[in-house]
Amino acid sequence: MCGIVGAVAERNVVQILLEGLRRLEYRGYDSAGVALLNNGELSITRRVGKVKALSDALDDESSLGTTGIAHTRWATHGGVTEVNAHPHTSSERFALVHNGIIENHKALRDALSDKDYAFVSDTDTETIAHTIAEARKHCDTLLESVLQSVKSFHGAYGTVIIDKEDPNTMVVARSGSPLVIGLGIGENFIASDQMALLPVTRRFIFLEEGDVAEITRTTVKIIDASGEKVEREVVESSVEHDAGDKAGYRHYMLKEIYEQPAVIRNTLQGRVTPDGISDDVFGEGSDEVFAKVENIKIIACGTSYHAGMTAKYWLEAYAGVCCDVEIASEFRYRKSVVKPNSLIVTISQSGETADTLAALKLAKESGYMSSLAICNVDGSSLVRESSLSFMTRAGAEIGVASTKAFTTQLAGFLMLVLAIGKHKGMSDTLKSSILQSLAELPSKLEETLTLADDIDDLAEEFSDKHHSLFLGRGDQYPIAMEGALKLKEISYIHAEAYASGELKHGPLALIDAEMPVIVVAPNNELLEKLKSNVEEVRARGGIMYVFADKDAHFKSDETMRVLDVPHCSEAIAPIVYTIPLQLLSYYVALIKGTDVDQPRNLAKSVTVE
Ligand code: AGP
């Protein structure tokens, strides 16, 4: 989704801004633009399409600026056009970039039109630029103008404005859309994600909700939501500088699929001991919360929601705690009942998903006894807004299709099961078996990745298909859902997932030779039931692709192609069986020639509703 980079320096900042935008490309966007201030002149360059088109347009020595702001736009209000791309301007003096949505933009537009502001775009963003320009007429500084203007904005914004009459200053405001200040020496920066600034600094200030800040080359002044001047902590980033590098892989997604054994090792390291889970892995005081918890509500979106769905099976079966899972965008707009001693658990790769954040806010107001965030981005809004947190150590995930974030979330949930199970009478046998399974997990994943060539061959058979069905039972049902999401996301083939016991209640009507059916079949207590479902598909002329444990005794024939998945214990089977489904969607997408890392219409981090 939209990305912001800004800089105020003595040197030319054009390449810093462009590199920042490139590093945010993975988030998904449809146009890009830059505003530069140089010797009292304001210049704007915008292009529809990739950052490359923008950098080509700026690729001559006359593109200079010591202060500049840049943006990648993912259209919400107004089509994908150069005129709607950011930066937007006002009064031939101010330039502004914005992430988020101003919900009352129509009312603001009407009021500003009455004051003779001419709108050139269809965006909500242009109303911010004109509102601040209007405020500047009677405020002494740009900072004061922004502080006054934000009072009239309803909705979400991370915004940065520059003024050609005050060329060494950027003013930024955050509400519902993240912004991070990067601190340099004699120069300072702003971005919507620290990734954008890693080539120039590792020292960051994460702005809080409601903060407005004035940034010059040498100073940072932050005013909080209550209007007080505040000092915020300076954080040294631990994110790898080259996290945005494909390391020789053709796509980030493939690199991230192959990183899974290593990042899961990392996620487990120092947290799992032969006796269980180390104290406070889930945050200070988590043990007391887990001792009291009777009910868990998990909230998330997309792939993270599928991790929550899987965790429900584990938490109820292994830890004996009642668990509900809900899509954040549903939860946030319905009236729900909070069960006694309930813990709210949110899951998010980015920690900035608008629906998940809104759901957490609602839950905190509704009487949950505590909140836990399972997240991949330290310092993200979700982590900061939650009482407890668990950081997955997946490293930066660049591919829009989530892979390693999902499997590390699942590893985190198995640890949560152990941490809670300890208070709920989990047997030593079960505890040892889960611990043993976790210890084996990285090597099982390495073994499973060796299926890649076979899956690459198999993918050929999907290239002319338009629909597909994924089947699983028990804790493999959410894995089938995740497999279907991956396939539709990056290959654009319609894919649906069903708990295979549901087949006869409707979807069997869809079965024919044109509808490949993908089945995940570990050797567990539901295997015989699953085999009956497979026969139901076969009897209707369906063609199946079965990822199965060798001991499940499926045999390839003219209606079924079987791929042997390494034998693994039941607890980690959902994680292991995720791998072939990720590889399948990747190789199908390659054949279809889609943009694997940045599939059409999608954004990495969905920071607007
Ligand atoms: C996954 O492949 C998707 N890109 C998407 O469903 C994603 O999982 C969802 O938007 C939630 O994101 P989050 O984990 O950052 O909250």
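The values are calculated or read from the model by the stated rules, or taken from the named source; none is laboratory data. Here the structure is a predicted model, which is why all the values come from computation and not from measurement. Every residue, glycine as well, gets a Cβ built from its backbone with ideal geometry; the counts of neighbours run over all protein chains shown.
All conditions but one from (1) surrounded by fewer than 20 Cβ atoms within 10 Å (Cβ to Cβ); (2) within 16 Å of the ligand (Cβ to nearest atom); (3) in contact (Cβ under 8 Å) with a residue 60 or more places away in the chain apply to residue 566; the one that does not is (2). Only residues that are assigned to a loop (DSSP other than H, G, I, E, B) and of a type in the set (D, E, K, R) were counted in the stretch 361-401, giving 3.
Taking the conditions exactly as written (out of contact with any Ser or Thr (no Cβ under 9 Å at 6 or more places or on another chain), in a strand (DSSP E or B) and either crowded, with 18+ Cβ neighbours inside 10 Å or in contact (Cβ under 8 Å) with a residue 24 or more places away in the chain (or both)), does residue 296 satisfy them or not? Criteria not met by residue 296.
Set side by side, the residues 503, 410 differ, and just one is over 18 Å from residue 563 (Cβ atoms), assigned to a helix (DSSP H, G or I) and either polar (S, T, N, Q) or within 16 Å of the ligand (Cβ to nearest atom) (or both), which is 410.
Residues in the stretch 438-489 that are in a helix (DSSP H, G or I), among the small types (Gly, Ala, Ser), more than 16 Å from the ligand (Cβ to nearest atom) and closer than 21 Å to residue 562 by Cβ: 452, 459, 474.
When we screen 140, 166, 116 for residues that are outside any helix (DSSP H, G or I), of a type in the set (Asp, Glu) and at pLDDT below 95, the only hit is 116. Looking at the structure I just gave you, is residue 201 out of contact with any Cys (no Cβ under 6 Å at 6 or more places or on another chain), hydroxyl-bearing (Ser, Thr, Tyr) and more than 23 Å from residue 24 (Cβ to Cβ)? So residue 201 fails the test.
Considering only the stretch 570-590, I want to know if a residue exists there that is among the aromatic types (Phe, Trp, Tyr), crowded, with 22+ Cβ neighbours inside 10 Å, away from the ligand (no atom under 16 Å from the Cβ) and modelled with pLDDT under 95. No: the stretch 570-590 contains no residue that is among the aromatic types (Phe, Trp, Tyr), crowded, with 22+ Cβ neighbours inside 10 Å, away from the ligand (no atom under 16 Å from the Cβ) and modelled with pLDDT under 95.
Scanning the stretch 1-35 for residues that are over 24 Å from residue 399 (Cα atoms) and polar (S, T, N, Q) yields a count of 1. Set side by side, the residues 395, 501, 399, 421 differ, and just one is at positive phi and either at pLDDT below 95 or over 25 Å from the mean Cα position of the chain (by Cα) (or both), which is 395.
Please enumerate the residues belonging to the stretch 192-242 that are in a loop (DSSP other than H, G, I, E, B) and touching a Phe, Trp or Tyr at 6+ places or on another chain (Cβ under 9 Å). Answer for the stretch 192-242, where residues must be in a loop (DSSP other than H, G, I, E, B) and touching a Phe, Trp or Tyr at 6+ places or on another chain (Cβ under 9 Å): 200, 201, 232, 233, 234, 237. Being crowded, with 16+ Cβ neighbours inside 10 Å, of a type in the set (S, T, N, Q) and out of contact with any Asp or Glu (no Cβ under 7 Å at 6 or more places or on another chain) is a description that does not apply to residue 436.
If only residues of the stretch 87-134 that are crowded, with 16+ Cβ neighbours inside 10 Å and either touching a residue at least 60 places away in the same chain (Cβ under 8 Å) or in contact with a Pro (Cβ under 7 Å, 6 or more places away or on another chain) (or both) are counted, the one that is nearest to residue 165 (Cα to Cα) is 94. Scanning the stretch 514-541 for residues that are part of a helix (DSSP H, G or I) and among the basic types (Lys, Arg) gives 529, 531, 538.
Among the conditions (1) assigned to a helix (DSSP H, G or I); (2) farther than 20 Å from residue 67 by Cβ; (3) touching a Phe, Trp or Tyr at 6+ places or on another chain (Cβ under 9 Å); (4) not charged (D, E, K, R), residue 132 misses just one, which is (2).
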